[in-house]
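The values are calculated or read from the model by the stated rules, or taken from the named source; none is laboratory data. What you see is a predicted model, and the numbers here were worked out from it, not measured in a lab. Please note: Cβ atoms are built from the backbone with ideal geometry, for glycine as well, and neighbour counts cover all protein chains shown. We work out accessible area using only protein heavy atoms, side chains counted, and drop any ligands, DNA or RNA first. Shrake-Rupley method; radii C 1.70, N 1.55, O 1.52, S 1.80 Å.
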Amino acid sequence: MGSRSFKLRWIAVCLSMLLTIPAGGCWDNKDINHRSLPIVMGIAKRDGIYKVVLQVPEPTEGTTDLRVIEGKGTTINDIVDKISTNMESQIDLLHLKLILFEDEFAKEGLGDVIESFMRAHDISAKVMVAICDEPLESFFKNINTFHKNNGTVLLSFFEKNAGWNPQVAESSVWEVFRSMNSYTHDVSIPIIRSGTGTVIESRGSAIIGSGRMVGNLTPGETLIVNAFKGSSAQGKIEVMKNATVEIISSATVHRHTMKNGIPYLKSKIRLKVTLLETKGSPSQENIRHEVSKLLQSRYDSIIGKMKATRADILATGQYFRSNLTRDQLEHWREDYLPRLNCEVEFVTVIQNTGLLRDS
Amino acid sequence: MVKTWQVANLYILTHIGVIFFLYPDNMIQAMEVSHWIGILTGFLLHIIVVWSYIKGLSLFDRRNVVDIFLDAGKWIAFLLLAPVFVYLLAVIVISIRSYGEMITIIFLSSTPLWATMLLTAILAAFLAMQGIEAILRTGLLLLVLCMPPTLFVLFSSFQHVDWHYLLPLFEGGAFQWSFVYNRSFLMGLLAVGGSFVFLGFVQPEVAFNQRYIRYASFLLLPLYGIAVYVPLLTFGHSTASRLMFPFIFVTDIVEVNWLMFERTSLFFTMSMIAFVLLFISLMLWNAAYLVQKVITVRTWSIVWAIAFVLFVICVSIDDWEQLEKLIWWNTFLRLYVMFVIPGVTLTLGLLYKRKGGAAYG
Amino acid sequence: MTILQALKHRASLNADIRFQKMTLSGLEVELTGLSSLIDFNASLLHIQQQVHQDTNTGLPLESVIGNLGPIVAEPTEHQLMSSMLAGHLILWFERIDAYVLVAPVSRPLSRTIEPPTTENVLRGSISAFVEDIDTNIGLIRKHVASPSLHVHSYLLGTIQKKRIVLLCNDNVVDVRLRDAIVAMLEKNKEMNIQNLQQLSTALGFSKWSLVTKFNTSELPQEAETALSKGKVVLFMDRMPFAIILPSLMWDMFAVENDRSFPVIFMYAIRFLRVFGVLINILIPGLYVALVSVNPDVLRIELALTIAKSRIDVPYPSLVETLLLLVILELILEASIRLPKSIGPTLTMVGGIILGQAVVSAKLVSNLLIIILAATTIANSAVVGFQNSVTIRLFKYLLVVLSAIYGVMGLLAGLFLVCSYMAGVTSFGIPYMHLMKPRGEPNG
């Protein structure tokens, strides 16, 4: 290439680059301190009208204040838009971390809302979903009296490497969306309310079937769900009549068969526990037995709830995918789930007895 | 100069660029179960097409398709290559338009589409005007820069996978190959037969050893598999089929706690866009090369001219539906490029060899 | 008027032209030369001794004169003048009207060999090139004691002659490269070359190139490596460094001195440099992109912290970044200009201003300070100042693009830089090439 043509090339490139800048440029350019980044959104529906509460951390000199903004309207986007016009900075839902539904609304059905969240690209599909079983107004009011200058306190509660605990169900928007579309996969989402000593009080979890809250689980049952799904039940303390143990690890194996159109599922959950507290001196055999019995009864109660609500929160249908045709799978919840024959065996291993020798 | 590695690298990267955006969606729409059959079918098509193409090329001593066809006759060459030219232009328009759209959806919600498309067009044209060797070398740089994040995200995308969704492996009419006539499947061939044509254009400036290209083509199989199966395994078919960009969505929900960034999908999408830019500039260069065989113009001027015209066309496409229509029309051209060009090359090659031309293999 | 008289006439314009009469074995002789270049007393002594010896051995007069130096065949004033400027002593034998050029004892106008001033060496030879071109060639000869090392000398220029020496190792050199350079030097014999820019024009490089086409080094060790890899080394008179052609991208990351460490450390160090370059190019742009366009990418905690630090900052992040970047560039530039004794003051003032005052005055956010500090530090990790300039420039492209397109702009900038670098070639050798001794190129 001659240097002349080279020069021309450069001029061409520079010109075309320069053209884009004065042509308005910077369409999305809005500095972070001019954006409000709500991290919690509470949604309630009363008399067909949505009520949205946003919790926005407001960075100020030194500390972060929490601001709670409310709005009412016919659609959620409309409300957010209204709030945004009234605020001094633009509302950006990009950093939304938690969406709280009032339990009444959850029972009515979350389908449309979840779908619109999935559709909107400014809301991450990773947003956690939870149900609040007290009115949103009082929830946010109580939250705010605690930890006034810690903007992310609600998040830590759900974050795996922070305050999360196996008794709390974990569910995000995409998981709820999947359960709405999937034939064999439902979810449970945590139920919380504002606490008295702690910020939040966990109230177990809600069974979501086809986008509606159809039942609820106790914290203890939620633990089994988490263990069954294979996410660890580590660190959970189980209290029994004679002893308290801490679960160190859990492992699950499933076996499935299909006989005469009746699905059979045999599961084996191995728990490794350590002794924390004993009353009197129960034998190890005793403790093992007691742990298994306790968990067994919880498991049975979950299965009962599943069959009653037709919501497969343990995703048991997944194991029978190869046994059923696609059309049959589509009717898993109605035709097969109620007939599901579930057996579970809890194998408890007392890994150690703490620093004391077992007397 | 022999640059087998660079050519193989470019071949892989340009495919990666197109595999992860539209292909998963197309495949998921095309079939309900047993997607692996569709993937394998596509891959076998790819292998057959590419292998016969490079076999045909290798029968000539370092010559490109244009020269080979010109030997057969000026008008034959023109008739054979004119559809290729139109195909290239259409592919460029489709890529610029669809990736521009995706960029606005993912990163820049208020930026007008023309701005992102202008950026894409300028970047691609800038690279294309510097010629094939620069494109090859850029491929190497991008490999070094973009491969680590790409691999990282590819591995981490398995985070939410539920292997049960893999089942059932055999079901329904998958083996009747009825999906082959499915519109979505045919549109998905963009990822299968998208960029291989360039292999015939790079010689004699850049030579390559056909054996390594063949090895490289096997690397594509796991990529096709991951692109389709990871969304399926994460969401199940019924959910995945509702998503516009299934794979990108999967990378979006990956949680990596120790990173200072919230979205790992960002790195992935960025790398993919880089590879796509590479792909567009390669196609642009190919198109410019064809023009240069007809009229003598400088590379840079013809590249910018084509880029400008195509940019105008891109701007005039109003919505996604029109774009899908264009992709559909272009599918016929693609089938032509996939089957006729390699076929003719191979036939000419065999004839040439029988006549006792240069006895190179 | 003899030529000498004309020269004498010139002496009124040049105070350092000196004339001296003397007798050498009975012959009247007049000496002329530049006293600023020649040590006259020592030279006279030297000439006298030589003539004395020669006459004692009974040589004829012609041989005695011939032994002193070449006789100028057809002397002109212009020719004598330029010989004088080149540092020769001219002897005029009045009786036979002959001009003889004598190599005199020169004044020591060059430094002695010293450690390098712009490059640091750990565990390696620390002698550096000096202004004297012959010393430099000597240094190379010491390092490469090979018969295949060839030295070609060229005199370029019409008004001011400049000596340029080309060195290459004929066993391994890329022949096309060498021939192309030689051809360009031959072709541009008339060009006056005083600096690298002119040399670049003489070698036919584009003026608008953004990457340096010459790799320069003060270290004979580096020049030696370059030679052994098949590159060509040029020396320009009075330039205390070797000019290595072609300059390649890998030169940004690798120095020969790395090989003084075990292989793992060598790779670690080089990786660090690559990382440094990436940080330098990407981070300011990333800041602009994340703060202004794509804050969703940041973790919420980080987003809030940044938002906190940016409260009351009056302008957009693009202006903020450019402002501080320019100040940093000024500091860099100023510390080159300043005498060594004032340099620390500048650093202190810069440190205080940037570290504290700007932040507390709410002119910029304190995160930006950290980012720009990292950028500047990373900038210096690159081998060779000429390369760091290139990177400094690319940084701005990325910052501007990021302000418009966010992270997409960052990628666009990176892509532009990559494709630009991939397109650069010198003498047909691509910038991204990995030089190997006369092998097939692989990069």
Förster radius 56 Å - calculated FRET efficiency between C:Ser380 and C:Arg107 (Cβ-Cβ, nearest 0.05): 0.90
Accessible solvent surface per residue of chain C, calculated while the other protein chains remain in place, 1.4 angstrom probe, Å²: 46
Estimated inter-spin distance, B:Lys325 and A:Asn260, nm [label 7 Å along Cα→Cβ]: 5.9
Accessible area buried at the B-A interface, both sides summed, 1.4 Å probe (Å², nearest 100): 3500
Among beta bridges that DSSP assigns inside the protein assembly as shown, antiparallel share in %, nearest 5: 80
Size of electric dipole in the protein assembly as shown: Cβ of Lys, Arg +1 and of Asp, Glu -1, about Cα centre, debye, nearest 20: 1880
Heavy-atom accessible surface of region A:218-359: percent carbon and sulfur, 1.4 Å: 47
Rounded to 10°, Cα long-axis angle of helix C:40-56 versus longest principal axis of chain C: 40
A:Ser249-A:Arg67 FRET efficiency (beta carbon distance; Förster radius 51 Å; 0.05 resolution): 0.75
Region C:3-102 - percent of accessible surface contributed by carbon and sulfur, probe 1.4 Å: 52
Quarter of the Cα convex hull surface for region B:1-78, i.e. its orientation-mean projected area (nm²): 7.2
Amide H partners (placed H, <5 Å) of A:Asp65, local residues excluded: A:Glu58, A:Thr60
Rg(Cα)/(2.2 N^0.38 Å) for region A:30-217, N = residue count: 0.98
Chain C, relative contact order in percent, only Cα pairs under 8 angstrom and at least six apart counted: 14
Length-normalised contact order of region B:4-343 in % [C-alpha pairs under 8 Å, at least 6 apart]: 42
Accessible surface ranking that places the most exposed of A:Asp92, A:Asp78 first, with a 1.4 angstrom probe: A:Asp78, A:Asp92
Local net charge near C:Pro240, Cβ-Cβ under 10 Å (Lys/Arg +1, Asp/Glu -1): -2
On Cα atoms only, tilt of B:210-235 relative to the major axis of chain B in degrees: 20
Spacing of the two label points (7 Å from each Cα toward its C-beta) at C:Met348 and B:Ser109, in nm: 5.2
Burial of 40 Å² or greater, region A:122-147 residues [accessible area, probe 1.4 Å, versus chain by itself]: A:Lys126
Residues of type lysines that A:Lys293 reaches as a straight line, Cα spacing below 17 Å, ignoring anything fewer than 8 places off in the same chain: A:Lys236, A:Lys241, A:Lys266, A:Lys268, A:Lys272
Table column - 3J(HN,Hα) (Hz), region B:201-206, Karplus curve with 6.51, -1.76, 1.60, x for Gly and Pro: 9, 6, 6, x, 4, 10
All-pairs Cα distance distribution in region C:141-264, expressed in whole percent, bin size 5 Å: 2, 10, 21, 23, 21, 13, 6, 3, 1, 0, 0
Estimated Rh, chain B: Kirkwood, alpha-carbon pairs, angstrom: 20.9
Surface share of carbon and sulfur [accessible, 1.4 angstrom probe, percent] for chain B: 68
With DNA, RNA and ligands ignored, accessible area of C:Glu186 (1.4 Å probe; Å², nearest 10): 90
In region B:245-291, chymotrypsin sites (Phe, Trp or Tyr not before Pro) in a DSSP loop with at most 12 other beta-carbon atoms within 10 Å: B:Trp258
For C:Asp39, residues with placed amide H under 5 Å, excluding near neighbours: C:Val105, C:Ser106, C:Arg107
Enclosed volume per residue, in Å³, of the convex hull spanned by Cα atoms of region B:191-301: 170
For chain B, built as a Gaussian network whose Cα springs stay under 10 Å, the top-fluctuating residue of B:Ile226, B:Ile317, B:Ile295: B:Ile295
Protein heavy-atom accessible area occluded, C/A pair - total, 1.4 Å probe, Å²: 2700
Net charge dipole size for region C:260-426 [Lys, Arg +1 and Asp, Glu -1 on Cβ; Debye, nearest 20]: 300
Cβ-placed point charges (K, R +1; D, E -1), dipole of chain C about Cα centre in debye, nearest 20: 1020
Mean residue ellipticity (222 nm) of chain C, computed from DSSP H runs ≥ 4 via -39,500 (n - 2.57), nearest 500: -14500 deg cm²/dmol
Residue-level accessible surface for C:Cys168, protein heavy atoms, 1.4 Å, Å²: 0
Region C:273-328: Rg to Rh, with Rh as the Kirkwood radius over Cα pairs: 1.00
Potential extension, C:Ile159-C:Ala98 segment - 0.36 nm per residue separation minus Cα distance: 19.4 nm
Over region C:260-426, relative contact order from alpha-carbon pairs under 8 Å, at least 6 apart, %: 43
Residues with amide H under 5 Å from that of C:Leu89, placed H, sequence gap 5 or more: C:Val102
For chain C, the spread of Cα positions along each principal axis, largest first, Å: 98, 52, 39
Gaussian network model of chain B, springs between alpha carbon atoms under 10 Å - residue of B:Leu189, B:Leu70, B:Leu290 with greatest fluctuation: B:Leu70
Convex hull per residue volume in Å³, alpha carbons only, for the protein assembly as shown: 247
Reach of A:Lys30 by Cα under 20 Å, taken over aspartates and glutamates that are not fewer than 8 positions away in the same chain: A:Glu58, A:Asp81, A:Glu88, A:Asp92, A:Asp122, B:Glu262, C:Asp296, C:Glu301, C:Asp312, C:Glu320
Cα-projected label distance for B:Trp258 with C:Asn14, points at 7 Å along beta-carbon direction, nm: 7.2
Values of log10 I(q)/I(0), in the order q = 0.15 Å⁻¹, for region A:207-307 under a Debye, Cα-only, solvent-free model: -0.70
Occluded residues from region A:304-327, i.e. those whose accessible area drops by 20 Å² or more once the chain is not alone (1.4 Å probe): A:Gln318, A:Tyr319, A:Arg321, A:Ser322, A:Arg326
Among C:Gly26, C:Val72, C:Ile38 - extreme Cα towards positive end, dipole of region C:3-102, charges at beta-carbon: C:Ile38
Kirkwood-type radius of region A:22-108, with distances r between different C-alpha atoms, in Å: 14.2
Solvent exposure of region A:30-217 as accessible area per residue, Å², 1.4 Å probe: 37
Förster radius 35 Å - calculated FRET efficiency between B:Phe218 and B:Trp163 (Cβ-Cβ, nearest 0.05): 0.90
Accessible surface buried upon C-B contact (total; probe 1.4 Å; Å², nearest 100): 3100
Cα long-axis angle, helix B:35-59 against chain B (0 to 90 degrees, to the nearest 10): 20
